[in-house]
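Heads up, the thing below is written out as structure tokens.
The values are calculated or read from the model by the stated rules, or taken from the named source; none is laboratory data. Every value quoted in this text rests on a predicted model; they were computed, and no experiment measured them. In this analysis, Cβ positions are derived from the backbone assuming ideal geometry, glycine residues included, and neighbour counts consider all displayed protein chains. The protein model used for the area step is the full one, side chains on, heavy atoms only, and it has no ligands, DNA or RNA in it. Shrake-Rupley method; radii C 1.70, N 1.55, O 1.52, S 1.80 Å.
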Amino acid sequence: MALESKRFRGMFLPTEVVLLKQPCFTPGRLFEPGQYKVSDLPDVAFDMGLVDHLPPVQSNNSEIINAENEQAQE
């Protein structure tokens, strides 16, 4: 038996950008897979489990900032 991840609109902030994993068909519009603000997506996308949080972004910004601080101190 597969585990199912239930999502609902209340799990996300209205201004949060989320990932639509599959096409979502509504009577008025087709939503292609991609990134959308939560407020732009229909409730059915959340009810069907088509929406997920974006993966965390990994960057080297902290390393760059730390290197700049060290150079400034020298």
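Some points to look at:
- Residues in the stretch 4-43 that are of a type in the set (A, V, I, L, M, F, W, C) and either under 18 Å from Pro56 (Cβ atoms) or surrounded by 13 or more Cβ atoms within 10 Å (Cβ to Cβ) (or both): Met11, Phe12, Leu13, Val17, Val18, Leu19, Leu20, Cys24, Phe31, Val38, Leu41.
- Close contacts from the stretch 10-37, counting a first residue that is in a strand (DSSP E or B) and a second that is among the acidic types (Asp, Glu) and open to solvent by less than 90 Å² (accessible area, probe 1.4 Å), with Cβ to Cβ under 9 Å and a gap of 6+ residues or different chains, come to Val18/Asp52; Leu19/Asp52; Leu20/Asp52; Phe31/Asp40; Lys37/Glu16.
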